[in-house]
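The values are calculated or read from the model by the stated rules, or taken from the named source; none is laboratory data. Keep in mind the model is a prediction, meaning the values are calculated, not measured. Because the Cβ atoms are built from the backbone with ideal geometry, glycine has one as well, and the counts that use them run over all protein chains shown. Each accessible area value is taken on the protein alone, full model and side chains, heavy atoms only, with ligands, DNA and RNA left out. Shrake-Rupley method; radii C 1.70, N 1.55, O 1.52, S 1.80 Å.
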Amino acid sequence: MDKRVVLCGANSYEQKYYFNKDFSLMPEDIQKEIHIISVMFTEEIGGIFTMVFDEDGSLKFETQAADSDYLYDEIGARLYIDKITRTRQELFKSLEMFYRAFILNESLEEIEEKMTREE
């Protein structure tokens with residue numbers, strides 16, 4: 001059974017953005033920021049981009065393209081993800097903390113312990 005939870009995603013083929021309403025307690029400025037990141041990815045790279053929490057609460061970025069999408073830039077996708085991971089590191093750590101606190105209902109001590117272990 002897949003225990004991953006999608007936070008948000010953007011699809012360049014349908015020109016749509018999805019935000020998981022389970023995260024509606026998240027501050028609006030953060031919701032806007034991840035919206036911008038997702039849409040900018042699909043505008044620059046193409047394909048489908050999603051932000052997903054795995055079962056331990058780590059935020060992952062996934063991207064895929066249709067087999068017929070010859071304009072999709074697989075190398076550019078990896079570079080783009082590396083860039084946003086570096087430049088938005090604090091945002092992504094905050095998202096993981098939010099997920100662990102509000103979705104997984106972990107205590108502050110558990111969250112701090114896990115975050116320390118991951119660094």
Practice problem: Could you please let me know if PHE92 is touching a helix residue (DSSP H, G or I) at 6+ places or on another chain (Cβ under 6 Å) and open to solvent by less than 60 Å² (accessible area, probe 1.4 Å)? | Solution: no
Exercise. Report the residue count in region 32-58 for those that are touching a residue at least 12 places away in the same chain (Cβ under 8 Å), farther than 19 Å from GLU106 by Cα and open to solvent by 100 Å² or more (accessible area, probe 1.4 Å).
Key: 2
Practice problem: Being of a type in the set (D, E, K, R) and in contact with a strand residue (DSSP E or B) (Cβ under 7 Å, 6 or more places away or on another chain) is the filter; apply it to region 59-79 and report the residue that is surrounded by the fewest Cβ atoms within 10 Å (Cβ to Cβ). | Solution: LYS60
Quiz prompt | Which listed residue, of GLU96, GLU62, is within 22 Å of ALA10 (Cα to Cα), touching a Ser or Thr at 6+ places or on another chain (Cβ under 7 Å) and part of a helix (DSSP H, G or I) | solution = GLU96
Exercise. Would you check if there is a residue in region 100-113 being of a type in the set (D, E, K, R), modelled with pLDDT of 90 or more and under 14 Å from the mean Cα position of the chain (by Cα)?
Key: no
Quiz item: Only one of ASP29, ASP82 is under 13 Å from the mean Cα position of the chain (by Cα), surrounded by fewer than 12 Cβ atoms within 10 Å (Cβ to Cβ), acidic (Asp, Glu) and not in a loop (DSSP other than H, G, I, E, B); which?
Solution: ASP82
Quiz item: Can ALA66 be described as more than 25 Å from PRO27 (Cβ to Cβ), in contact (Cβ under 8 Å) with a residue 40 or more places away in the chain and among the aliphatic types (A, V, I, L, M)?
Solution: yes
Quiz item: Is region 6-23 home to any residue that is assigned to a strand (DSSP E or B), open to solvent by 50 Å² or more (accessible area, probe 1.4 Å) and among the hydrophobic types (A, V, I, L, M, F, W, C)?
Solution: yes
